[in-house]
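What follows is calculated from the coordinates using simple rules that are stated; it is not laboratory data. All values derive from a computational prediction rather than experimental measurement. Glycine also receives a Cβ, built like all others from the backbone with ideal geometry; neighbour counts cover every protein chain displayed.
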Amino acid sequence: GNSVTQMEGPVTLSEEAFLTINCTYTATGYPSLFWYVQYPGEGLQLLLKATKADDKGSNKGFEATYRKETTSFHLEKGSVQVSDSAVYFCALSAGAFWGGSEKLVFGKGTKLTVNP
Amino acid sequence: DAGVTQSPTHLIKTRGQQVTLRCSPKSGHDTVSWYQQALGQGPQFIFQYYEEEERQRGNFPDRFSGHQFPNYSSELNVNALLLGDSALYLCASSSVGLGNNEQFFGPGTRLTVL
């Protein structure tokens with residue numbers, strides 16, 4: 001079955017440091033890949049996505065590239081801010097057999113804390 | 001444009017009781033999925049509804065049931081609550097017509113079972 005493995009946290013960085021959160025996946029077919037962010041006490045927000053190999057998703061300074069050869073979708077940001085402190089989830093989804101959205105399969109999450 | 005809404009925000013129940021959680025999808029969306037997020041874990045898929053039918057189901061017991069109404073809103077019911085059912089329950093909506101796999105999440109309902 002489909003699965004996602006992401007870097008265990010927590011990760012603590014200083015403001016303006018470089019961020020990488022590793023994510024690898026196992027899937028049949030050609031899934032779409034996502035990064036979601038969860039701020040304390042809130043639901044999930046889509047951060048970025050990529051739907052096919054070599055696609056790069058980007059948003060708010062975060063980037064991730066869909067690497068089929070290494071089955072990876074690592075999240076990066078060149079300069080983190082205190083406001084980026086949150087839990088980050090890598091997820092995948094394949095098209096459902098009935099034509100709609102397939103379920104999302106999530107990694108366990110990586111908690112990021114950015115100190116001023 | 002209202003996003004995905006869920007009610008109630010918080011709920012406290014005792015073991016053995018039953019609970020109903022509600023979700024209204026984002027405007028224009030027709031598919032609702034439910035996820036359970038235990039503390040410190042990633043969300044786990046419970047089931048998905050489209051055209052008032054359950055289309056997919058995750059590895060959850062029959063105590064978990066759902067319903068979708070003609071206006072696309074949905075309910076999640078859990079019977080015979082166990083302590084282990086304490087979690088954040090997330091609703092996500094999407095649209096078959098959009099042809100992508102993007103799901104939008106609500107803020108969740110925090111269920112505590114005592």
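Size of the dipole of chain B about the Cα centre, Lys and Arg at +1 and Asp and Glu at -1 on the beta carbon, nothing else charged, in debye to 20? Please list the in-between numbers first.
On the way: 8 positive and 10 negative charges, 100 e Å.
The calculation lands at about 480 debye.
Over all other residues within a Cβ to Cβ distance under 14 Å of B:Pro8, the charged ones net out to +2, with Lys and Arg as +1 and Asp and Glu as -1.
Partners of A:Lys108 within straight-line reach, counting aspartates and glutamates whose Cα lies under 20 Å from its Cα and excluding those fewer than 8 residues away in the same chain: A:Glu8, A:Glu42, A:Glu63, A:Glu76, A:Asp84, B:Asp85, B:Glu102. Stretched out straight at 0.36 nm per residue, the stretch from A:Lys111 to A:Leu13 would grow longer than its current Cα-Cα span by 34.2 nm. As a calculated quantity, the FRET efficiency between B:Asp62 and B:Ala38 at R0 = 22 Å, using C-beta atoms, amounts to about 0.65. Projecting the Cα atoms of B:Ser86, A:Phe18, A:Ser85 onto the charge dipole of the protein assembly as shown, computed from C-beta unit charges around the Cα centre, puts B:Ser86 farthest toward the positive end. A cut-off under 15 angstrom between Cβ atoms defines the neighbours of B:Gly40, and their net charge, with Lys, Arg +1 and Asp, Glu -1, is +2.
Taking other Cβ atoms within 10 Å as a rough exposure proxy, A:Lys103, A:Lys77 sort from fewest to most as A:Lys77, A:Lys103.
Volume per residue of the convex hull around the Cα atoms, evaluated for the stretch A:1-104, comes out as 106 Å³.
About the Cα centre of chain A, what is the dipole size in debye to 20, counting +1 per Lys and Arg Cβ and -1 per Asp and Glu Cβ, all else neutral?
Details: 10 positive and 11 negative charges, 58 e Å.
Rounded to the nearest 20 debye, it is 280 debye.
The mean sequence distance of close C-alpha pairs (under 8 Å, at least 6 residues apart), as a share of the length of chain A, puts its relative contact order at 36 percent. Within the shell of other residues whose beta carbon sits under 12 angstrom from the beta carbon of B:Ser73, the net charge comes to -1, with Lys and Arg scored +1 and Asp and Glu -1. Would you calculate the separation in nanometres between label points at B:Ala2 and A:Tyr30, each defined as 7 Å from the Cα along the Cα-to-beta-carbon direction? For B:Ala2 paired with A:Tyr30, the spin-label model returns 3.8 nm. Among the residues of A:32-44, the average count of other protein chain beta-carbon atoms within 10 Å of the residue beta-carbon is 4.
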